[in-house]
Amino acid sequence: MTGLSPHVIRIWERRYGAVTPRRTPTNRRLYSDADIERLRLLRQAVALGHSISRIAALPDEEIMQLVTEPAHDTPRAARVGGDAAKTASGTGQQAASFFVESAFTAIGRLDALALEEVMARASLSLGVLPFLEEVAAPFMDSIGLAWRAGKVRVAQEHMASALVRTFLGDILRNVEPPEGAPDLIAGTPPRQDHELGALMAAVVAASEGWRVTYLGPNVPIEEVCIAAEVRRARAVALSIVFPPDDPHLPRELRQFRKILRRDTAILAGGASAAAYKDVLEPIGAVTLSNLGDLPDALRGVREASSG
């Protein structure tokens, strides 16, 4: 009804106080017609380029003015947002490129607020999976390449990583799984310190209706298995990014089938996952070529469990 995803609404609620829904005795949210209309207005204003952090506390009448004011009276931020809206009306890839460029501009100025606004607007405009695949991942890949080439400073790379990690964590925390949602454990195996892929996988799984326990990077195999046992997880998602030739990891991965419940699926992705395919296939793991494969893999796990 609002055109917003649940995680966006909850972030706007908790972080900015955009609306304050009533609660049922079981602590479920109840939104009034006024709440819904306010969220619609806020979505329109953000699409025009206004910052949610700056307009969330405004009364409805002032937000309506921002949405309906003539183009020649709009603030600079709205004109920039208008450019983004025009780009988004072309192709999704054009919109994604615009957001990546805007993120780089924010990083160049070390403007954390601007970068967060770009991430929020991109996730709102594109949806969770396209945002991750076409904005967040390419942006972080480009930041890494630019840092290695000496084109961005260490402070800029660290700020970008920290903010994107926090932003994804906020999405994950604000997705409330449906009643009876299956459990999934996500993280990276030992000596795998690049965690953004695992965090993105956790966000995708949560948006697909799974209850996700995110363990973070560099987790011993035994601990992953214990977490899966405690949560009675139907799936474990591992991100394997670097290195592609860890001599210890094959032996550790083989431990999964010795410890993990047989009905718990293993999903492996990341830049180096294919390098361990000779180990992953014998233990029954599904190797994903990209993040976009994850929703289908998760649906397959659910169908197998119910079949």
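Throughout, read-outs are computed from the coordinates displayed, never taken from laboratory work. The model shown is predicted, which means the values in this text are computed figures rather than measured ones. Neighbour counts run over all protein chains shown; Cβ positions are idealised from the backbone, glycine included.
When each of the peptides 12-21, 53-62, 259-268 is scored by how many other beta carbons lie within 10 Å of its residues on average, the order from highest to lowest is 259-268, 12-21, 53-62.
Computed from Cα positions, the angle between helix 294-306 and the longest principal axis of the chain comes to roughly 60 degrees. Along the axis of the charge dipole computed for the chain (Cβ charges of +1 for Lys and Arg, -1 for Asp and Glu, origin at the Cα centre), the listed residues Leu260, Ala186, Ala96 are led at the positive end by Leu260.
On the beta carbon distance between Arg302 and Leu30, with R0 = 30 Å, the FRET formula returns roughly 0.55. Given the C-alpha centroids of the stretch 270-307 and the stretch 114-166, what is the distance between them in whole angstrom? Value for the Cα centre distance between the two parts: 26 Å. The orientation-averaged shadow of the Cα convex hull for the chain, equal to a quarter of the hull surface, comes to 17.7 nm².
Overall, the stretch 179-306 carries a charge dipole of about 360 debye about its Cα centre when +1 sits on the Cβ of Lys and Arg and -1 on the Cβ of Asp and Glu, all other atoms neutral. Modelled this way, with points 7 Å down the Cα-to-C-beta line, the labels at Asn218 and Asp293 are 2.8 nm from one another.
Backbone phi angles across the stretch 269-274, fed through the Karplus curve with coefficients 6.51, -1.76 and 1.60 (θ = phi - 60°), yield HN-Hα couplings of x, x, 4, 9, 4, 4 Hz in residue order; Gly and Pro are listed as x.
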